[in-house]
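Worksheet: one structure, shown below.
The values are calculated or read from the model by the stated rules, or taken from the named source; none is laboratory data. Just so we're clear, the structure is a prediction, and the values are computed from it rather than from any experiment. Neighbour counts run over all protein chains shown; Cβ positions are idealised from the backbone, glycine included.
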Amino acid sequence: MPSEILVVNDLLKHLFNVASYAAPSQLYLALTSAGVELGSGIGYSRQAIAFRRAQSREGDYTASVNLGRIVFGPNTDTGAWGLGGFAVYDAATGGNRIAEAEASFPTVDVDEMLIIRPGQLAFGMSGGLSQDAPFMISDHARRRMLDHLFAGQSYTAPAVYVALAAGFPLADSEGALAVNEPDGQATGYARVQQTGWSVADYQVTNTSGIAFPEAQADYSADHFALLDAATGGNPLAVGPIAGGVELLEIAEEHAVFETDNLMVELLPS
């Protein structure tokens, strides 16, 4: 069931504090044919829909599924409804389409209804933390964005801190991230808060340089991680550092990311 969330860039802007996104207070499910919503006067109207909080599903897919049964009809047209998909809107009529999907529906003949069971519809995001898929948004961040959009769980954009890591930061099924950061006490290393980000085409990049404290001892790193706290915290994204970095105490060097050096990506479905 191919699906797409149409406000992914808005959600990423919210997550990285580029622009706030106010989630709809109520969502409505619509039926479509070749991407076009069914018309009025045939017993059809959009139906209110609620979603469960997002969960990790098969592979690296995180999704929200519908709560409760949804009933359309009965069909009062002169023939069967021709259906090919559905869409989610932020209003009972008009409004904005925020998600859509192709689907196979049974024929809805005259005087019949279409019933959608709980858990039958899913909208999600792909691309968790994996060494096979670097530069990715974490499962934790995807669940927060999906819950903000679909489940009425308001999410305040966090402060974003950039961390350096030796080796790929791994996350468990709960989203806990093990980042092998340099020893701050021994090296003078510390995470750096970054407030300048841009979002376009599902990609997030830094809009200003990021400079770490001067090295007080030698250390190296080949990955970066974005987290929501100066220490500890939750993972937001991770990616490799091209060529790695090696800082030498004798040179009093700083680890520096120039503008657009950091990039992470989200797969919307």
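One table, with the values for the structure above:
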read-out: Any strands (runs of 3 or more DSSP E) falling wholly within segment 28-90 and containing at least 1 residues that are touching a residue at least 24 places away in the same chain (Cβ under 8 Å) and under 25 Å from the mean Cα position of the chain (by Cα); value: 47-51, 61-67, 85-89
read-out: Selected residue (criterion: surrounded by the most Cβ atoms within 10 Å (Cβ to Cβ)) from residues of segment 139-162 that are among the hydrophobic types (A, V, I, L, M, F, W, C) and outside any helix (DSSP H, G or I); value: Val160
read-out: Residue ID - surrounded by the most Cβ atoms within 10 Å (Cβ to Cβ), chosen from residues in segment 64-92 that are of a type in the set (D, E, K, R) and over 18 Å from Gly119 (Cβ atoms); value: Asp77
read-out: Unique match (being outside any strand (DSSP E or B) and either closer than 21 Å to Gly184 by Cα or at pLDDT below 70 (or both)) among Gly243, Gly232; value: Gly232
read-out: Meets criteria (among the β-branched types (Val, Ile, Thr) and under 16 Å from Thr107 (Cβ atoms)) for Thr93; value: no
